[in-house]
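The structure appears right after this line, and notes come after that.
The values are calculated or read from the model by the stated rules, or taken from the named source; none is laboratory data. Computed from a prediction, not measured in an experiment: that's the story for all the values here. FYI the Cβ positions are ideal-geometry reconstructions off the backbone, even for glycines, and counts take in every protein chain you see.
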Amino acid sequence: MKNILISGTPGCGKTSVAKEITNFLQAKMISLNELAISDKFSFEYDEERKTYIVDFEIFLPYVLKKIDEIRQADSPFLIIESHFSDIIPENFIDYAFILRCNPDELYKRLEKKKYTSEKIIENIQAEILGNCVNYFIQKQSKFPLFEINTTNLSIYSIAKIIVDIVLGNQDGNNYFIGKIDWLEKLFQENRLEEFFD
């Protein structure tokens, strides 16, 4: 079984893309966020940030057991999606895709999701700084790591890119990490102060 991780800042399309990929590949899917909430691994609620705090020491072994159960059921592919999918150990990852989004577009998407102003800015700052990419880089991982700019792409198109790379129908050179740099773009446009105090 090949495990495909999809990560990225909230609003970049992870869940929708993961669901679309399951249609292409007849894959199983684990949404870490949904799993954490549904199985009561969120023991605290951060009122200020409007989010649950997950106890990863309990949650991760549970997730790895789920992955093993799906592997034993002979599923050819498993999609694991979440903005914290970097918690998955390297030996459980065959491919990792980080979905990225232009900060201006991301702002609109998060507004539609009814995020608070503070949460929108927090997530846009994370996207500008490339936090999701950096978490994987710090692991010095050996598996292929890609990033896709979702700003002007449909969910179908993004899923197709991922499927083509995984199936070897596309080499992925255009999607290796390091090609997306919102920090430099905003610096050149003299707009960083819009998102950082």
Segment 101-120 - residue that is polar (S, T, N, Q) and part of a loop (DSSP other than H, G, I, E, B) and, of those, farthest from Asn131 (Cα to Cα): Thr116
Segment 1-32 - residue that is polar (S, T, N, Q) and outside any helix (DSSP H, G or I) and, of those, nearest to Gln72 (Cα to Cα): Asn3
Sole residue being at negative phi, modelled with pLDDT under 95, out of contact with any strand residue (DSSP E or B) (no Cβ under 9 Å at 6 or more places or on another chain) and charged (D, E, K, R), chosen from Glu44, Glu105, Glu57, Glu20: Glu57
Identity of the residue in segment 2-14, out of contact with any Leu (no Cβ under 6 Å at 6 or more places or on another chain) and closer than 17 Å to Val63 by Cα, that ends up surrounded by the most Cβ atoms within 10 Å (Cβ to Cβ): Ile6
Selection count, segment 59-107, where residues are over 15 Å from Asn33 (Cα atoms) and of a type in the set (Ser, Thr, Tyr): 3
Pick from segment 164-182, criterion at pLDDT 95 or above and not acidic (Asp, Glu), ranking: farthest from Tyr107 (Cα to Cα): Leu167
Subset of segment 169-197 that is closer than 15 Å to Asn102 by Cα, surrounded by 15 or more Cβ atoms within 10 Å (Cβ to Cβ) and of a type in the set (Phe, Trp, Tyr) - its residue that is nearest to the chain's Cα centre (by Cα): Trp182
Residues located in segment 100-113, provided they are closer than 29 Å to Val166 by Cα and either out of contact with any helix residue (DSSP H, G or I) (no Cβ under 6 Å at 6 or more places or on another chain) or without any contact (Cβ under 8 Å) to a residue 60 or more places away in the chain (or both): Arg100, Cys101, Asn102, Glu105, Arg109
Count of segment 119-149 residues which are of a type outside the set (A, V, I, L, M), touching a residue at least 12 places away in the same chain (Cβ under 8 Å) and farther than 14 Å from Leu5 by Cβ: 8
Residue check for Thr116: more than 19 Å from the chain's Cα centre (by Cα) and either surrounded by 13 or more Cβ atoms within 10 Å (Cβ to Cβ) or touching a residue at least 60 places away in the same chain (Cβ under 8 Å) (or both): yes
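So that you can scan it fast, the table gives a plain yes or no per residue for (1) under 15 Å from Ser85 (Cβ atoms); (2) touching an Asp or Glu at 6+ places or on another chain (Cβ under 8 Å); (3) assigned to a helix (DSSP H, G or I):
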{"site": "Phe136", "(1), (2), (3)": "yes, yes, yes"}
{"site": "Gln140", "(1), (2), (3)": "no, no, no"}
{"site": "Phe143", "(1), (2), (3)": "yes, yes, no"}
{"site": "Phe146", "(1), (2), (3)": "yes, no, no"}
{"site": "Thr151", "(1), (2), (3)": "no, yes, no"}
{"site": "Tyr156", "(1), (2), (3)": "no, yes, yes"}
{"site": "Ala159", "(1), (2), (3)": "no, yes, yes"}
{"site": "Val163", "(1), (2), (3)": "no, no, yes"}
{"site": "Asn169", "(1), (2), (3)": "no, no, no"}
Scope segment 74-99; condition in contact (Cβ under 8 Å) with a residue 40 or more places away in the chain, of a type outside the set (Val, Ile, Thr) and part of a loop (DSSP other than H, G, I, E, B); matching residues: Asp74, Ser75, Pro76, Ser82, His83, Phe84, Asp94
